[in-house]
Amino acid sequence: MEVTMRFEFDLVIDEGDGPVMNETLGDIQQDARAILEEGGQAMVEAAQEIAPVKTGALMMSIYYEVQDVTGLTFGADISYASYVEEGTVKMKGRQFLASVASEYVPMIQEQLDTMIAERLAQDTSEDDPEFEFERSMEDLEE
């Protein structure tokens, strides 16, 4: 049986809306997809390094797939992958997928959080028309 792990990442954005924000959201989604692609590829490479190798088929069956901008599926699609990962009555499991996931998933989430914070910091800069409008309204009130 194949082994599949699905991870959902949080893209938490606390910001107003408007034309500048809509552009920023598009940039965030594009960057998030790139981070998930890079993270998924890194997970595959790390799992391939520690997967037991007899014929190489298990190692070559390890894959990832990005769904939308918040989902990542990671696994091995060869028929005996679950037996190697989880073990059997006669064989101890060798968690080549779970160990990689437990290391990489938090790092991917951290990269997403950092990217979002940086993008939102750019969006609320003084070059932002919404910021300039709010600033000019404050000047009028004084």
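Candidates T24, T4, T55: the one that is of a type in the set (S, T, N, Q), surrounded by 13 or more Cβ atoms within 10 Å (Cβ to Cβ), out of contact with any Gly (no Cβ under 9 Å at 6 or more places or on another chain) and modelled with pLDDT under 95 is T24. Residue pairs whose Cβ atoms lie under 8 Å apart, separated by 6 or more positions or on different chains, with the first residue in region 46-67 and under 15 Å from S79 (Cα atoms) and aromatic (F, W, Y) and the second modelled with pLDDT of 95 or more and part of a helix (DSSP H, G or I), are Y63/V44. For first residues located in region 93-113 and touching a residue at least 40 places away in the same chain (Cβ under 8 Å), partners that are assigned to a helix (DSSP H, G or I) and basic (K, R) and lie 6+ apart or on another chain with Cβ distances below 9 Å do not occur. The residues of region 38-50 that are loosely packed, with under 14 Cβ neighbours inside 10 Å and either within 16 Å of the chain's Cα centre (by Cα) or modelled with pLDDT under 90 (or both), listed by number, are E38, Q41, E45.
Inspect all residues belonging to region 43-55 and state whether any of them is closer than 30 Å to V12 by Cβ, β-branched (V, I, T) and assigned to a helix (DSSP H, G or I). Yes, region 43-55 contains a residue that is closer than 30 Å to V12 by Cβ, β-branched (V, I, T) and assigned to a helix (DSSP H, G or I).
Could you list, in sequence order, the residues of region 61-104 that are among the aliphatic types (A, V, I, L, M), part of a helix (DSSP H, G or I) and crowded, with 18+ Cβ neighbours inside 10 Å? Write out each step before concluding.
Kept after step one, since they are among the aliphatic types (A, V, I, L, M), are these residues of region 61-104: 62, 66, 69, 72, 76, 78, 81, 84, 89, 91, 97-98, 100-101.
Checking which are part of a helix (DSSP H, G or I) leaves us with 81, 84, 98, 100-101.
Hits for region 61-104 are A81, V84, V100, A101.
The values are calculated or read from the model by the stated rules, or taken from the named source; none is laboratory data. Just so it is clear, the model here is predicted, and its values are computed rather than measured. We place every Cβ from the backbone using ideal geometry, glycine too, and count neighbours over all the protein chains shown.
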